[in-house]
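For reference, the structure discussed in these notes is given below.
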Amino acid sequence: MNSLIITSLEQGLIFAVLAMGVTITYKILDIADLSVEGTFPLGAFVFAKFAMAGFSPITSSLLAFGYGSLAGLVTALLFVKLKIRPLLAGILTMTMLYSFNLRLNGKANIPLFSLNSLFSDISALVLMVAVVIGIKLLLDAFLKTEIGYLLITTGDNEALVRSLGENSNKYKIIGLMLANGLVALSGSLMAQYQGFVDITMGASIIVVALASIIIGETVSKSSSFLSITTRAIIGAVSYKLIGGIAIDLGMSPTDLRAISAIIVIVFISYNNFSSPFIKSIKKQGGKARVKSKKPLEEL
Amino acid sequence: MLKVRNLWKSFNSDTDFQIDVFEGFNLEIEKNTCTAIIGPNGCGKSTLLNLVSGSLPVDKGKIILNNEDITSLPEEKRALKLGRVHQSPSMGVSPSLTILENLSLANKKGETFSLRGLVKKKNLEMFIQMLQDLDLGLEDKLHTQVKYLSGGQRQSLSLIMAAMKHPDLLLLDEHTAALDPKTSHVVMEKTRELLQKHHITTMMVSHHMGDALKYSQRIIMLDKGKIILDKPSADVSENELLDIYKAKLAERIIA
Ligand SMILES: Nc1ncnc2c1ncn2[C@@H]1O[C@H](COP(=O)(O)OP(=O)(O)OP(=O)(O)O)[C@@H](O)[C@H]1O
Ligand SMILES: [Mg+2]
């Protein structure tokens with residue numbers, strides 16, 4: 001295999017962890033959580049801090065997950081307790097994290113080449129496949145538990161959660177913590193993979209995550225048996241492969257961000273316009289359109 | 001069973017748009033009866049149910065259920081004693097989950113939710129029995145996502161979910177209003193069967209005079225937050241109710 005493809009695969013798998021995290025907020029809870037723009041670099045900075053203090057790469061990566069969850073908790077509390085809208089709550093956490101990340105090591109970028117990383121003794125591809133499959137299986141199992149189902153139902157129909165005697169806010173908190181933990185873990189993996197930490201690492205990372213999720217959904221649209229975690233993984237890897245090939249074909253890496261945003265726009269509109277609404281126009285004309293719209297609205 | 005004492009509720013208080021829905025409202029509901037609540041649009045029927053369920057806070061007054069003052073209990077705590085079916089068929093179910101998953105959730109109500117698996121084989125037979133009792137063929141669709149069901153099917157599912165744990169009080173807010181007449185009839189019949197079988201005390205809001213009379217033991221008509229009729233259903237005729245409605249409507253037009 002060509003080295004570009006391998007690099008794209010490896011990075012795609014690192015982004016798969018990010019995409020699985022964002023899937024929890026974006027797909028399950030139906031929240032656009034921007035705090036991930038801060039928690040992705042947070043994971044990297046936390047890793048750097050603890051790895052430089054002599055902690056093992058495994059411990060440092062797990063600490064990155066822990067710090068990420070705490071950042072998720074901050075967003076959740078802003079949202080749930082102080083009633084700040086989720087979009088703004090995420091932006092506020094992201095803004096606070098910017099300062100926090102800089103304070104953590106007192107520097108905006110840190111080289112990690114001299115330190116041990118998870119990738120020191122094992123091929124990045126092999127390790128990332130194992131990590132991604134492990135996280136996927138854990139998440140799938142979690143979503144089949146009583147608490148997991150309540151998380152899904154919180155995104156689906158909060159009133160039902162309350163009618164079951166449960167406080168739906170609890171599940172928003174769990175979801176945001178889990179999601180941001182995974183995003184921070186992904187950030188720490190990226191730091192270890194590229195060998196440095198940089199304050200700009202998180203910029204537009206939400207677009208990368210959304211692009212991955214949306215590509216994953218579109219690519220595997222016809223196969224409804226695929227779980228949302230599998231879709232996120234397929235999406236993240238496809239996204240990175242597409243990006244890698246584009247750069248290989250001569251596109252400037254700095255243009256990639258705009259391309260990511262365009263990918264999100266194109267795929268979301270493709271999904272919107274291939275809904276039953278459009279199909280019914282194509283097939284049956286006006287009357288059927290009104291009919292088929294109604295159940296959509298009800299949902 | 002349920003006592004509503006000196007209830008006050010306004011919306012948009014201290015603005016030009018203030019609406020005083022209840023001003024010192026009182027009501028008592030007896031155990032094991034179905035009480036139908038009727039009245040023109042905006043008279044406060046849904047607001048009353050929302051205040052009882054805790055979806056809305058009261059301004060003043062007390063809600064007492066089984067001699068316990070529940071006025072300050074949050075909605076999810078009250079929910080343990082209550083069941084509720086709304087007008088919209090998607091309000092009572094989790095659309096992206098299957099029938100089996102929805103029933104399994106409803107069956108956990110009142111217990112602690114943990115990291116154990118939700119769907120258990122041992123409940124399967126009970127769920128299939130419940131669905132067979134509904135007679136809508138849902139027992140063959142256990143693994144179908146609820147969003148693919150019709151409104152009537154979803155509403156029937158909401159009903160058995162709300163009633164599964166035999167709530168002390170069941171609140172039905174126009175739960176057949178979104179259904180066609182035939183389906184509405186089927187769901188009303190199922191409602192009656194369930195209520196009788198498990199002796200569930202019920203407050204049922206309806207705009208359908210015939211249904212309200214047929215399926216309840218007591219009928220209450222509200223107008224502008226006040227009770228203007230309160231009789232055993234057997235002692236009222238549909239025409240009598242319609243006459244009061246017309247009179248009220250005429251009053252409004254003149255006023
Ligand atoms: N959340 C709210 N905010 C402001 N006003 C409200 C709210 N809910 C209800 N109202 C007002 O309170 C009054 C009673 O409304 P409610 O929904 O209880 O009526 P209803 O009897 O259920 O009517 P319908 O038969 O149309 O369902 C109406 O004037 C309504 O406009
Ligand atoms: Mg109403």
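Read the figures in this text as sums done on the coordinates, not as results from a lab. All figures in this text were calculated on a predicted structure; none of them were measured in a lab. Because the Cβ atoms are built from the backbone with ideal geometry, glycine has one as well, and the counts that use them run over all protein chains shown.
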Subject >> Selection from region B:25-37 of residues that are near ligand 1 (Cβ under 9 Å from one of its atoms) and either farther than 24 Å from residue A:160 by Cα or surrounded by fewer than 20 Cβ atoms within 10 Å (Cβ to Cβ) (or both) >> reply: none
Subject >> Set B:177, B:212: member being within 16 Å of ligand 1 (Cβ to nearest atom) and touching a His at 6+ places or on another chain (Cβ under 7 Å) >> reply: B:177
Original post:
So which of B:122, B:165 is of a type outside the set (A, V, I, L, M) and outside any helix (DSSP H, G or I)?
Top reply: B:165
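Quick check on my filter: what residues within region B:8-23 are within 16 Å of ligand 2 (Cβ to nearest atom) and of a type outside the set (A, V, I, L, M)?
B:9, B:11, B:22, listed by residue number.
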Original post:
So which helices (runs of 4 or more DSSP H) stay within region A:131-223 end to end and still have 1 or more residues that are facing chain B (nearest Cβ under 10 Å)?
Top reply: A:146-156, A:158-163, A:168-194
Original post:
Taking region B:63-77 on its own, how many of its residues are hydrophobic (A, V, I, L, M, F, W, C) and assigned to a strand (DSSP E or B)?
Top reply: 3
Original post:
Looking at region B:46-56, which of the residues that are crowded, with 22+ Cβ neighbours inside 10 Å and away from chain A (no Cβ under 14 Å) is farthest from ligand 2 (Cβ to nearest atom)?
Top reply: B:51
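Determine which member of the set B:6, B:32 is part of a loop (DSSP other than H, G, I, E, B) and touching a residue at least 40 places away in the same chain (Cβ under 8 Å).
Unique residue meeting the criteria: B:32.
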Original post:
Under the condition of being in contact (Cβ under 8 Å) with a residue 24 or more places away in the chain and in a loop (DSSP other than H, G, I, E, B), which residue from region B:215-236 is nearest to the chain's Cα centre (by Cα)?
Top reply: B:216
**OP:** Taking the options B:119, B:52, name whichever one is more than 29 Å from residue B:213 (Cα to Cα) and hydrophobic (A, V, I, L, M, F, W, C).
**Re:** B:119
Subject >> So residue B:85, is it within 16 Å of ligand 2 (Cβ to nearest atom) and within 11 Å of chain A (Cβ to nearest Cβ) >> reply: yes
Original post:
Can you tell me which residues in region B:89-109 are more than 7 Å from chain A (Cβ to nearest Cβ) and either more than 14 Å from residue B:159 (Cα to Cα) or among the polar types (S, T, N, Q) (or both)?
Top reply: B:98, B:100, B:102, B:104, B:107
Original post:
Within the set of pairs 6 or more residues apart or between chains, which connect a residue that is over 12 Å from residue A:214 (Cβ atoms) inside region A:256-269 to a residue that is assigned to a helix (DSSP H, G or I) with Cβ atoms less than 8 Å apart?
Top reply: A:256/A:243; A:256/A:246; A:256/A:247; A:257/A:207; A:259/A:243; A:259/A:246
Subject >> Flag if residue B:144 is within 11 Å of chain A (Cβ to nearest Cβ), surrounded by fewer than 20 Cβ atoms within 10 Å (Cβ to Cβ) and of a type in the set (Val, Ile, Thr) >> reply: no
Original post:
Do we have any residue at all in region B:59-70 that's over 26 Å from residue B:111 (Cβ atoms), within 16 Å of ligand 1 (Cβ to nearest atom) and surrounded by 15 or more Cβ atoms within 10 Å (Cβ to Cβ)?
Top reply: yes
Subject >> Failed item, numbered, when residue B:200 is tested on (1) within 16 Å of ligand 2 (Cβ to nearest atom); (2) away from every other protein chain (no Cβ under 14 Å); (3) within 14 Å of residue B:83 (Cα to Cα) >> reply: (1)
Original post:
Within the bounds of region B:68-77, is there any residue that is more than 13 Å from ligand 2 (Cβ to nearest atom), within 14 Å of chain A (Cβ to nearest Cβ) and in contact with a strand residue (DSSP E or B) (Cβ under 7 Å, 6 or more places away or on another chain)?
Top reply: yes
**OP:** State yes or no: is residue B:22 crowded, with 16+ Cβ neighbours inside 10 Å, aromatic (Phe, Trp, Tyr) and more than 14 Å from chain A (Cβ to nearest Cβ)?
**Re:** yes
Subject >> Close pairs (8 angstrom Cβ cut-off, 6 or more residues apart or separate chains): of a type in the set (Asp, Glu) in region A:135-146, assigned to a helix (DSSP H, G or I) anywhere >> reply: A:140/A:229; A:146/B:108
